[in-house]
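Written out below as structure tokens is the structure these notes cover.
Only the coordinates and a few stated rules stand behind these numbers; no lab work does. Everything numeric in this text was worked out from a predicted model, so none of it was measured. In this analysis, Cβ positions are derived from the backbone assuming ideal geometry, glycine residues included, and neighbour counts consider all displayed protein chains.
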There are 4 protein chains.
Amino acid sequence: MISKEEHILLHAEELFAEKGFEGSSTREISKMAKVNVSMISYYFGSKEKLFVKIFELRMNESLTFSKDILANENLNEWEKLMIVINRYADRVKNLKTFYRILQREQLNNKNPYIAQFLHESKKGFLSIYSELIDKGLEKKIFTKKPRIEFIHSTVSGTIFTALNTLPVYKEFFEGDEDYEDQYFEEIKIHIQNILKHLLGYEEKL
Amino acid sequence: MISKEEHILLHAEELFAEKGFEGSSTREISKMAKVNVSMISYYFGSKEKLFVKIFELRMNESLTFSKDILANENLNEWEKLMIVINRYADRVKNLKTFYRILQREQLNNKNPYIAQFLHESKKGFLSIYSELIDKGLEKKIFTKKPRIEFIHSTVSGTIFTALNTLPVYKEFFEGDEDYEDQYFEEIKIHIQNILKHLLGYEEKL
Amino acid sequence: MISKEEHILLHAEELFAEKGFEGSSTREISKMAKVNVSMISYYFGSKEKLFVKIFELRMNESLTFSKDILANENLNEWEKLMIVINRYADRVKNLKTFYRILQREQLNNKNPYIAQFLHESKKGFLSIYSELIDKGLEKKIFTKKPRIEFIHSTVSGTIFTALNTLPVYKEFFEGDEDYEDQYFEEIKIHIQNILKHLLGYEEKL
Amino acid sequence: MISKEEHILLHAEELFAEKGFEGSSTREISKMAKVNVSMISYYFGSKEKLFVKIFELRMNESLTFSKDILANENLNEWEKLMIVINRYADRVKNLKTFYRILQREQLNNKNPYIAQFLHESKKGFLSIYSELIDKGLEKKIFTKKPRIEFIHSTVSGTIFTALNTLPVYKEFFEGDEDYEDQYFEEIKIHIQNILKHLLGYEEKL
DNA sequence: CATGAATGAGAATTCATTCAT
DNA sequence: AATGAATGAATTCTCATTCAT
């Protein structure tokens, strides 16, 4: 059974994704969640605190996301990198709603708490890429040393642009109903292909 | 000499970039532009019309953007592609402010006029990529046929993510004051590198 | 105990009667009703909806007004006609405030909903007059057949002009404080007198 | 050749008739008259002074209206009364626009100058009716002495209600395009008929 | 714990008028 | 004498939040 609080939160996430923070009114949230307006202040303190709560919820879900992978001794660096990126792509696809909010917030830089969050999260990815690539080079799995920023810009950028532009792609290429799912699978391979090239990685037989 | 109308428009662009459409109040715009609040309605009709005006202004600036390049008979497809992409990257860098607004509007889909604009603009890029790549393949300049969507996702995504994440990169890699300009020059080469790989293009000596 | 909503409505009616819709500001209404300005939007949605609400309230009060009289088998057509007109005159006198608004709205034709309302209401009176006079002629109670429009113009016109011009009459003829009440009683007899003449009706002994 | 001032005035009259004083903005007036907004303040001082100017213009046109008739020794009182009333009806019909404004202003009582004007005008009619009826009774042309207020209420009321309700009449009785002109001619006879009855006047052969 | 009526600050816009030219 | 750009007061309405129950 879902709690009333969570119920509000999920509807709020949806509305924030669609209309942004300022564009979403507490009235509309409360109408969608079919609760009284005052419930938002009651449960979360304020509209802004509700917003932050959504962030915390989703971000915490992915906190332990990569640590275990990095620590796994049965995987080599290329495999680890692929798992991190594939999981990331899946996550973005599955939490479309939330990642819309996140992208907007990246542009906003308004709420300092969230800004900090995003900042750290990005630095986290940069560290992971740094560590994996350095180790891979040491082990000679990788033969080229690219700028980490480029890796990040291309990986994240490709995933998010794919997500945001999908409807246009679908129309332009007259895709069927499975287009989206297929596209997201193939884009992982596309990224993998690019990374192989950038890192000079050769799959062994 | 800059007109009062243009003066307001430029300040509005800045604020919209920073806080979004809903997040920017006419009061604040007028305060920034040091004019009376009513001037916005007076010159533009409404806050929304001002917003659209900014769009029209910037988009019209880039209307004839690519047509002349495609028509140029002295360039081969690879060269054309590079020029289109490099110009795009430069433009995004130079009009940072506007492209923040544009990115947000991509997420919003609220104003139907602007939504249409963006939609067409994207389809325009897809056509250009399609045409150039097909011709390049015909002429055997390119040896691989990638999905056009992938090209678009990666090119646009890399540029925009670079733009948005630059402050984080700068901090993480302790970049100096020239970091930004250098980064934007190098990212063009990075994209070029990826495209060479994806298209199977080999530079002739 | 009167509700806050009704309280606002009554004060608004008064102000609308005095100054018209456009001439009455929400601020002034709220000041008169001693409530916060936002209460008007809160309770009624908008100033205009409040206005329409007043109309609906007063018009609904008089909906069943005439039907029961027309159906009464113990009254002849002359008696029915007199009751309809006398009730109308009384109503106009008792709801002076509302009928000021109504008269103005007749001149305005702005709000389509209200325009429709008034249109139907007038057609209702024309039907009643038509029916009663035709039946009265059939039964030979009436001996002359006047144009229904004339009956309507004269009956309604006399009542409303009396209402609007009363202060002038009172001053001109130096009426005492009972002048108004007496006048309204006598004007009913005056109308009756005219109608007897127009319909060729002879009271039987 | 019409002056610019008069040009504005006529367009303003039209708009005031349609939307009332508060409902008509100087911008709209200026747009209708195809002049700059500031012209209204420039020529008339203010919107309100323009409004009063319209009143003065139309009222002055009818100032000498009745005096000459009353003084005419070749007409008896009944004939004079008929001329006064017929002219009034014609005037109301011909200056529909202005009389819409006037009727609204009767309900408003806002501008004290205009209120005074209307007050005096009505008292003027009451005097004329008084004088003519008293003299007619002296001369035994009239055999009944009605209340002057009733005469006024019925005459003015019938004319104005006819004017305002004509569209409804036309629809209800499916009148053709000449309906309005015919109606206004017949209503004069209708009023004459009523007055004969009220004054006990018998036409001599 | 939960509600919903009520609040007042702030939003965008329209308005009549003024002022420099 | 005439213009039109510019003004700031006032308008209606929406908003997040509070408070009594």
Bins of 20 Å from zero: percent of alpha-carbon pairs in the protein assembly as shown: 12, 31, 21, 19, 13, 4, 0
Chain A: C-alpha pair distances exceeding 27 Å, %: 42 percent
Length gained when the stretch D:E5-D:E177 is fully extended (0.36 nm per residue, less Cα-Cα span): 58.5 nm
Estimated [θ] at 222 nm from DSSP helical runs (n ≥ 4, -39500 (n - 2.57)) normalised by residues in chain B, nearest 500: -25500 deg cm²/dmol
Computed label-point distance, nm, for sites C:S62 and B:R87 using a 7 Å Cα→Cβ extension: 7.2 nm
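Please report, ordered by residue number, every helix of chain B (full DSSP H runs) that is 27 Å or longer along its axis going by C-alpha atoms and whose mean Kyte-Doolittle hydropathy reaches -1.0.
Numbers: long enough: B:112-138 (39 Å, -0.14); B:148-172 (34 Å, 0.58); B:179-199 (29 Å, -0.43).
TM-like helix candidates: B:112-138, B:148-172, B:179-199.
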Cβ-vector label at 7 Å, A:E171, separations to other copies in nm: 3.8, 4.3, 6.8
Calculated Rg and Dmax of segment D:71-117 using C-alpha coordinates, Å: 14.7, 42
Label distances, nm, C:E6 versus same residue in remaining copies, Cβ-directed 7 Å point: 4.6, 5.7, 6.4
Principal axis dimensions, largest first and in whole angstrom, of segment D:92-134 by Cα: 34, 26, 13
Two-decimal log10 I(q)/I(0) for segment C:79-152, as the Debye equation yields it once each C-alpha is a single scatterer, q = 0.11, 0.21 Å⁻¹: -0.36, -1.00
Position B:G124, label points 7 Å along Cα→Cβ, spacing to each other copy in nm (shortest first, one decimal): 3.9, 6.0, 6.9
Segment B:1-45: radius of gyration over Cα atoms, expressed as a fraction of 2.2 N^0.38 Å: 1.03
Spin-label pair A:L75/B:K139, simplified geometry with 7 Å Cα→Cβ offset, distance in nm: 4.4 nm
Inter-probe distance in nm under a simple model that places probes 7 Å from Cα toward Cβ, at C:N36 and A:V52: 2.5 nm
Residue of chain D whose Cβ sits closest to the axis mapping D onto B, with distance in whole Å: D:S38, 4
Largest-first principal axis extents, alpha carbons of segment A:1-93, Å: 53, 24, 23
Whole-Å distance, taken between Cα centres, linking segment B:39-92 and segment C:22-88: 59 Å
For segment B:10-102: relative contact order, % (alpha-carbon pairs under 8 angstrom, 6 or more apart): 37 percent
Length-normalised contact order for chain B - Cα pairs under 8 Å, 6+ apart - percent: 20 percent
Percent RCO, i.e. relative contact order, over segment C:133-200, from Cα pairs under 8 Å lying at least 6 residues apart: 47 percent
